[in-house]
């Protein structure tokens with residue numbers, strides 16, 4: 001009972017990834033574990049049983065000795081990042097009891113400056129088949145057009161074909177509409193979609209047009225910090241919302257590109273650190289943070305289910 005209570009109190013979800021070919025969701029936490037869920041049954045029941053449905057993972061993997069700070073999905077692999085390591089596990093083996101990591105990449109250790117860096121964010125470019133890792137040593141291992149951000153408040157947009165200098169530099173905190181000096185200038189989350197960039201952190205969430213570098217929209221947000229900003233698929237079309245905002249909030253906000261809030265979804269976590277949106281094999285959004293629960297949505301209008309990170 002005591003151990004269970006402590007897990008409920010201290011478990012934090014930092015990252016997620018979902019298989020593009022099946023209804024498998026992988027969730028990484030602060031204890032180095034990856035919880036694996038098969039959500040096919042939950043999805044099949046949504047037409048007749050809308051509401052909270054608690055269920056434990058089908059498997060928990062002791063993936064890393066440190067927190068699973070970041071995850072990303074490719075067609076074949078569930079890739080996770082921790083301190084000093086990036087590891088790939090095959091989606092088709094993830095539910096097997098004896099499955100092992102298919103490959104591991106060790107990052108360079110710079111003892112003179114940062115030591116072994118943590119992998120704070122992972123992104124995948126399916127066009128080039130490359131994985132990009134943004135790390136705690138101020139380095140971003142990149143492919144094509146990639147954006148990075150940090151505690152200094154700068155957003156850097158990189159194109160390695162154009163040399164070692166960033167292609168664009170943005171400082172959201174210098175815009176009066178975004179600045180919140182009492183929180184700071186740090187940028188903790190960003191996302192790219194075509195010619196658009198959305199970012200937030202200490203500053204309010206803003207949408208920037210990369211060709212003109214203009215701030216086009218200031219999105220509604222709480223008085224506290226934002227930890228997740230994400231474009232949904234086909235963000236520029238329709239009126240159902242194209243941007244997801246989450247952070248130190250009891251809910252998740254869905255907004256249009258014009259800044260109109262189209263939905264507020266309740267959250268099981270008082271602070272949300274990770275949001276995953278996918279349209280394969282079906283449309284699904286999952287989000288979590290300082291809780292042992294993950295909320296599941298099959299559209300952008302309401303929360304359908306909640307699953308537990310703890311084993312039954």
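Since every read-out is calculated from the coordinates, none of them should be taken as a lab result. Just so it is clear, the model here is predicted, and its values are computed rather than measured. Here the Cβ positions follow ideal geometry from the backbone for every residue, glycine too, while neighbour counts run over all protein chains shown.
Couple of notes before you dig in:
- Residues in region 218-232 reached by a label modelled at residue 262 [backbone nitrogen below 20 Å; 7 Å Cα→Cβ]: 218-222, 228-232
- Ranked list, fewest to most other Cβ atoms within 10 Å of each Cβ, for 37, 14: 14, 37
- Between 192, 39, 130, the residue with the greatest mean-square fluctuation in the GNM of the chain (Cα pairs under 10 Å linked by springs) is 130.
- If R0 equals 22 Å, the separation of the Cβ atoms of residue 10 and residue 65 corresponds to a calculated FRET efficiency of about 0.85.
- Förster radius 22 Å - calculated FRET efficiency between residue 75 and residue 192 (Cβ-Cβ, nearest 0.05): 0.60
- Cα centroid separation - region 246-285 against region 154-196, whole Å: 22 Å
- Note on region 124-203: the C-alpha convex hull projects to 5.6 nm² when averaged across all orientations.
- GNM top mover of 194, 276, 301 - the chain, alpha-carbon springs below 10 Å: 194
- Multiplying the residue separation of residue 165 and residue 130 by 0.36 nm and removing their Cα-Cα distance gives an extension gain of 10.6 nm.
- Candidates 83, 292, 174, ranked by Gaussian network fluctuation over the chain, Cα under 10 Å, top entry: 174
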